[in-house]
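First the structure, in the form of structure tokens, and then the observations on it.
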Amino acid sequence: MNILPQLPFMDVIAISWFATAWVVYAYLLDHSKIAEKTLSAAMDKQRELWMKTMLQRELRIVDTSIMAGLQQGTAFFASTSIFAIGGTFALLNGAEEVLAIFSHLPYAIEMTRAEWETKILGMLLVYAYAFFKFGWAYRLFNYASMLVGAVPAKEHAGTEYAKTAVQSAAEMTILAGIHFNRGLRAFFFAMGFLGWFLGPEVFIISTTLVLLVLLRRQFYSASRRAAFTSLRASESFYGPEQSD
């Protein structure tokens, strides 16, 4: 079955723009020269600082509570992805009924069963990608918890082993955060994907709006300013060699 050639030209343009926007955004955050200026990069540095600060604490109840919260949040989104996948299968199986209801909406557009199923399958792929990212992030947070537990006590803070253990725990939490963020990215772009059900023009607009919102949050938001303000404060408190 060759479904894509059956789509109207504007739909092909819209889905191409969706894929391009996702790839460009991922490149800007993960591989470009300006990636270090993003909110995500600031939070990665905060994770390193967290591990170094943890090494100086005698009691690490706060740190274990943070790890538990991160795991619970990741598990929640992984479960949500499963429900979303189940919902898309339900829409796929009930295509005739949904199209009949959809046709009575005042802003509805004409859509064949093949076009409807193509859009639903697209949503399914997005949510499946999100599930795998959240599932792997949850696993990595489990590994990070073990590495945090292996960090030696405060009195050994100056040893080479303690520094290596802290760096390993920080790297694992950063990797877990990266995969968690990619899962969230899929959820955000899924919101833009919903515009396709109202037409390719709406799909292009919704994708563009999602892209602009995500870029603003990463480069111009109040949360980004707060994260970098904290990093600058840590440099003045610990010194650049400790906060880097």
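The values are calculated or read from the model by the stated rules, or taken from the named source; none is laboratory data. Note that the structure is a prediction, hence the values are computed from the model and not measured. Neighbour counts run over all protein chains shown; Cβ positions are idealised from the backbone, glycine included. Please note that ligands, DNA and RNA were not included when accessible areas were found on the heavy atoms of the full protein model with its side chains. Shrake-Rupley method; radii C 1.70, N 1.55, O 1.52, S 1.80 Å.
Tabulated data
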{"read-out": "10 Å Cβ shell holding at most 12 others, DSSP loop, GluC sites (Glu not before Pro): longest site-free stretch of the chain", "value": "111-244"}
{"read-out": "Heavy-atom surface of segment 1-94, accessible at 1.4 Å and reported per residue (Å²)", "value": "59 Å²"}
{"read-out": "Overall Cα dimensions of segment 59-196 - principal axes, largest extent first, Å", "value": "71, 22, 20"}
{"read-out": "Heavy-atom accessible surface of segment 1-104: percent carbon and sulfur, 1.4 Å", "value": "70 percent"}
{"read-out": "Karplus-derived HN-Hα couplings along segment 53-60 (A = 6.51, B = -1.76, C = 1.60, θ = phi - 60°), whole Hz, x at Gly and Pro", "value": "5, 4, 4, 8, 8, 7, 9, 10"}
{"read-out": "Spin-label model distance (nm) - residue 93 vs residue 12, 7 Å beyond Cα toward Cβ", "value": "3.4 nm"}
{"read-out": "Cut-off 15 Å (backbone N to label point 7 Å along Cα→Cβ of residue 184), residues of segment 5-46", "value": "26, 29-30, 38-46"}
{"read-out": "For segment 198-213 and segment 158-180, distance of Cα centres in Å", "value": "38 Å"}
{"read-out": "Extension gain, residue 160 back to residue 66 (0.36 nm per residue minus Cα-Cα distance, nm)", "value": "31.3 nm"}
{"read-out": "Filtered trypsin sites (Lys or Arg not before Pro), segment 1-102: DSSP coil and at most 16 other beta carbons within 10 Å", "value": "33, 57"}
{"read-out": "Contact order normalised by residue count of the chain, Cα under 8 Å, 6+ apart, percent", "value": "30 percent"}
{"read-out": "Accessible area (Å², per residue) of segment 106-244, counting only protein heavy atoms and a probe of 1.4 Å", "value": "52 Å²"}
{"read-out": "Choice from 186, 100, 75 with maximal GNM fluctuation in the chain (Cα, 10 Å cutoff)", "value": "100"}
{"read-out": "Distance violations [Cα-Cα > 32 Å] among 33/119; 133/163; 37/119; 45/154; 52/133", "value": "33/119; 37/119"}
